[in-house]
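Written below as structure tokens is the structure these notes are about.
The values are calculated or read from the model by the stated rules, or taken from the named source; none is laboratory data. Source: prediction; values computed, not measured. Every residue, glycine as well, gets a Cβ built from its backbone with ideal geometry; the counts of neighbours run over all protein chains shown.
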Amino acid sequence: MWVRAELEPRKQVMRWAGIVIVAVLIGYLAVLLGDTRHFYTDDTEAQYVPMWQLLGTELRAGRFPAMVPWEWMAGNYSLEEAGLYNPAQLLVYLLAPSFDNLALYATAVKFVFSTIAALGVFRICLAYGARAPWAAVAGVAFPFSGWFLFFDEASWFTSQTGTAWLVQAWASAVLYARGRTGPIPLFVFLYLALSVQYAFPAVESGLMIAAVATGEYLHQRQWAPVLRLLTASGLAVLASMIANLPVLLSSQATWRGDVSTIHNDPFLTVPWSESLNASLPSTVPAFTAWWGHVQPLPMVYIAWFVIPALAFIDWKAAARHAASWSGIALFAVATLMWTAGPGAIGPLRWPARVLPMLAIALLVLVCVLISHYGDFASSRRRYAAAGALIALLFVRSFSAAPKLVERHALAVFVVVGLGAGVVWLARTRGTAAAAVLTIIATFPIAFVQVASAPRTPLSYGFAEHRSDMTAAFPDFGGRTLQLADRILVRDEERTLADTYGSLALGSYAKNLGLQYVNGYTPVGHAAFAGLLCMAWDGGTCPDAYRRVFAVEPSTDTPIVDLMRLDRIVLQRSQYPQAGDEPAPAGWKFVHYPGHEHQIWVLERVNPLPSPGDLIAHESGVHATVMPEAGLTNRATVSSGTGGRIVLSRLAWPGYTATLGNSEIPIRAVAGTFVAVDIPPGTRNATLTVTWRPPGLPISLTTALLALIGIGALQWWYRRTRRATTLPTPVPTNHVLDARSCPVPPHSGSTPGAHQ
């Protein structure tokens with residue numbers, strides 16, 4: 001028999017939501033005590049924070065930076081992980097230039113998104129009927145789970161933001177399917193998850209919607225809620241096309257052009273057995289990654305309680321009502337399978353990146369089941385089961401890293417002590433006290449894990465203050481190409497007095513407001529990267545020096561002139577003899593006092609004629625200057641016999657050219673430079689070259705249709721909704737006392753009734 005379950009009182013929910021926010025803040029402070037730069041490392045310092053500075057500056061100047069043409073390597077922000085059509089991302093960019101302390105700003109931004117993620121997990125638990133205290137436990141635990149804390153929060157910002165919106169969308173999907181909210185929250189949160197322009201959150205969102213839809217059908221045995229859910233989700237996909245269609249239409253020009261490749265390799269593929277480490281804080285899992293076979297970071301750690309808690313669930317009662325939580329279980333199984341491989345599915349490489357999804361699913365599942373079917377009454381059988389699970393954690397962790405046996409034994413002692421305290425509080429003081437202790441234990445564990453973690457080998461160690469960076473760096477005006485490799489930089493040289501006072505690695509130049517061709521990009525224009533052997537971090541091979549001064553055969557013009565560069569910076573450790581040799585024709589070595597020990601600097605003997613002119617080469621054509629003014633550029637051209645104009649623009653998809661009123665084809669020279677052929681007999685005609693994100697008219701149309709569609713769904717929801725909602729039903733034969741066990745007060749019997 002089933003009865004209607006009362007929702008948690010709003011006041012209690014809001015109180016526990018506040019506890020979640022405060023707890024995440026305390027957890028962040030604990031992490032910062034362990035490492036003040038934890039949230040400002042690797043890709044965050046080399047890619048994201050500099051990008052925030054550049055895009056914020058462009059937006060404040062009134063320019064929408066879908067393309068920043070002078071930044072050849074990473075300037076196509078319709079493809080980069082920029083989220084230009086994501087309002088939250090735009091706010092981050094607009095605020096960024098106001099902050100001098102980049103580490104502080106990065107930490108503050110990440111705290112906001114971690115709080116959004118924690119509240120999202122909290123909402124998922126509530127949507128499935130969990131009690132507010134246990135929902136809060138899951139919400140607080142997630143931001144301090146292993147992979148999310150050490151990778152997504154520390155480095156990979158777009159993964160963190162995508163996950164934050166995904167969990168909010170998950171909660172809204174369940175609530176919409178169960179008739180407790182309208183479609184708009186689901187539409188908005190799913191759009192935000194899809195518009196960060198990162199493949200993993202997009203695919204994970206699709207997997208989540210499929211799991212929720214399947215689970216809701218099994219739960220409700222009706223197709224209508226599922227169809228409404230899928231329709232609202234489909235409309236969010238249509239709306240997000242404005243962010244994702246350019247990526248698809250430009251993929252063949254990038255390193256990520258082959259989207260159909262599936263292959264397997266051991267790098268960052270996680271054996272399922274490593275999930276048995278999920279609750280031992282000392283875990284150092286065994287799989288192949290940057291540190292070899294055994295990883296020094298607790299990548300697979302989820303929460304100290306999540307595995308031992310399985311012993312205190314009445315699984316017979318839970319199994320009788322499995323349909324109500326089947327969506328969570330389906331998502332957990334799917335993500336667990338994904339973490340083990342394949343190693344790459346198109347652009348989706350490194351399956352370990354899915355570990356946060358597994359953490360979410362298991363935290364939600366455990367806290368929902370504890371809320372409904374938890375039993376903390378004194379029982380030797382349950383204590384023995386909990387002991388066996390903890391022993392299994394120890395054996396698995398010991399097997400991965402036997403040299404750390406003392407550390408693992410101490411972790412077992414901590415987990416046993418904390419578990420005993422939570423069980424005792426649940427029996428004697430009630431759910432709230434047990435939940436509070438569970439949350440408080442998160443903080444010292446996070447501190448110890450971060451404080452004892454080795455420095456990531458991918459860290460750059462940039463300075464934290466933009467003013468310090470600018471004061472130490474030469475004032476390089478004009479357009480600069482840097483030829484360097486960060487592998488050649490020794491750890492002791494990563495200071496403003498050495499490397500970072502002269503070399504702009506990654507996207508460092510964006511912090512300085514300088515126009516560098518180089519930049520950090522996960523996308524990369526394949527032809528241009530091949531032309532100068534330029535890598536994802538903006539670094540180059542030693543042969544790049546020869547290549548940039550080589551003559552492009554079809555134009556008989558050096559590459560350096562086709563790019564219209566003003567300066568070339570050479571890393572001394574890569575080119576130790578360059579300054580002792582004659583400079584290339586038309587160039588000279590210029591000395592910058594205080595920087596000679598790190599770089600050679602080449603500048604033109606005579607400045608480029610017509611600064612700002614986009615035309616790099618013309619053959620058989622007479623053209624006026626084409627000023628570089630935004631993404632639409634014009635010149636007047638004439639040609640009696642026909643000819644060609646080559647522009648100093650990277651040949652991304654999305655360019656169109658018109659001559660007078662007629663469209664003419666765009667070509668690519670060396671696969672890299674935008675070029676147009678001018679027909680014979682042209683006389684004083686206006687040549688207009690324009691770039692727009694590919695597929696823009698289509699994506700604007702789909703966005704408009706999506707808004708109309710979601711409006712119609714909302715209207716239908718308001719027209720047909722019932723006067724009262726239908727919360728998750730709970731079994732009348734499994735009710736425990738609210739004071740002594742973590743179950744709703746309307747669903748309880750005496751402790752120990754289900755032993």
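Points worth noting:
- Of the candidates A435, A446, the single residue that is among the hydrophobic types (A, V, I, L, M, F, W, C), assigned to a helix (DSSP H, G or I) and under 28 Å from the mean Cα position of the chain (by Cα) is A446.
- When the criteria are applied in full, I390 fails the requirement of being under 30 Å from D265 (Cα atoms) and aliphatic (A, V, I, L, M).
- Members of the range 477-511 found to be over 24 Å from S78 (Cβ atoms), part of a helix (DSSP H, G or I) and of a type in the set (A, V, I, L, M), listed by number: I487, L488
- Test: T555 is over 26 Å from A471 (Cβ atoms), buried (at least 18 other Cβ atoms within 10 Å of the Cβ) and in contact with a Cys (Cβ under 9 Å, 6 or more places away or on another chain): no
- Test result for P593, closer than 26 Å to G75 by Cβ, out of contact with any Asp or Glu (no Cβ under 7 Å at 6 or more places or on another chain), in a loop (DSSP other than H, G, I, E, B) and of a type outside the set (F, W, Y): no
- Among the residues of the range 383-428, those that are under 17 Å from V306 (Cα atoms) and hydroxyl-bearing (S, T, Y) comprise Y383, S397.
- For beta carbons closer than 7 Å, sequence separation of 6+ or different chains, a first residue in the range 466-483 that is closer than 18 Å to G594 by Cβ and small (G, A, S) and a second that is modelled with pLDDT of 95 or more and not in a helix (DSSP H, G or I), the qualifying pairs are S467/D100; A472/L496.
- Among the residues of the range 345-361, those that are of a type outside the set (K, R) and either surrounded by 19 or more Cβ atoms within 10 Å (Cβ to Cβ) or closer than 19 Å to G120 by Cα (or both) comprise P347, L348, P351, A352, V354, L355, P356, M357, L358, A359, I360, A361.
- Close Cβ contacts (under 7 Å, 6 or more residues apart or on different chains) running from residues in the range 372-399 that are on the phi > 0 side of the Ramachandran plot to residues that are of a type in the set (D, E) are absent.
- Residues satisfying the stated conditions in the range 266-298, i.e. assigned to a loop (DSSP other than H, G, I, E, B) and surrounded by 24 or more Cβ atoms within 10 Å (Cβ to Cβ): V270, A278, S279, L280, P281, S282, T283, P285, Q295, L297, P298
- Of all residues in the range 211-265, those that are part of a helix (DSSP H, G or I) and either among the small types (G, A, S) or at positive phi (or both) total 13.
- Among residues of the range 21-46, those that are within 25 Å of G120 (Cα to Cα) and either small (G, A, S) or assigned to a loop (DSSP other than H, G, I, E, B) (or both), counted: 6
- Residue match in the range 599-619 (condition: more than 24 Å from T555 (Cα to Cα), assigned by TED's automatic domain parsing to the domain that holds G539, of a type outside the set (V, I, T) and touching a strand residue (DSSP E or B) at 6+ places or on another chain (Cβ under 7 Å)): yes
Results for (1) among the hydrophobic types (A, V, I, L, M, F, W, C); (2) in contact with a His (Cβ under 7 Å, 6 or more places away or on another chain); (3) crowded, with 17+ Cβ neighbours inside 10 Å, shown as yes or no for each residue.
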| site | (1), (2), (3) |
| --- | --- |
| V22 | yes, no, no |
| Y28 | no, no, yes |
| D42 | no, no, yes |
| L55 | yes, no, yes |
| F64 | yes, no, no |
| M67 | yes, no, yes |
| M73 | yes, no, yes |
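Listed here are the residues, each with its yes/no results for (1) of a type in the set (G, A, S); (2) over 16 Å from the mean Cα position of the chain (by Cα); (3) part of a loop (DSSP other than H, G, I, E, B).
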| position | (1), (2), (3) |
| --- | --- |
| T57 | no, yes, no |
| G83 | yes, no, yes |
| P97 | no, yes, no |
| Y105 | no, yes, no |
| G129 | yes, yes, yes |
| A138 | yes, yes, no |
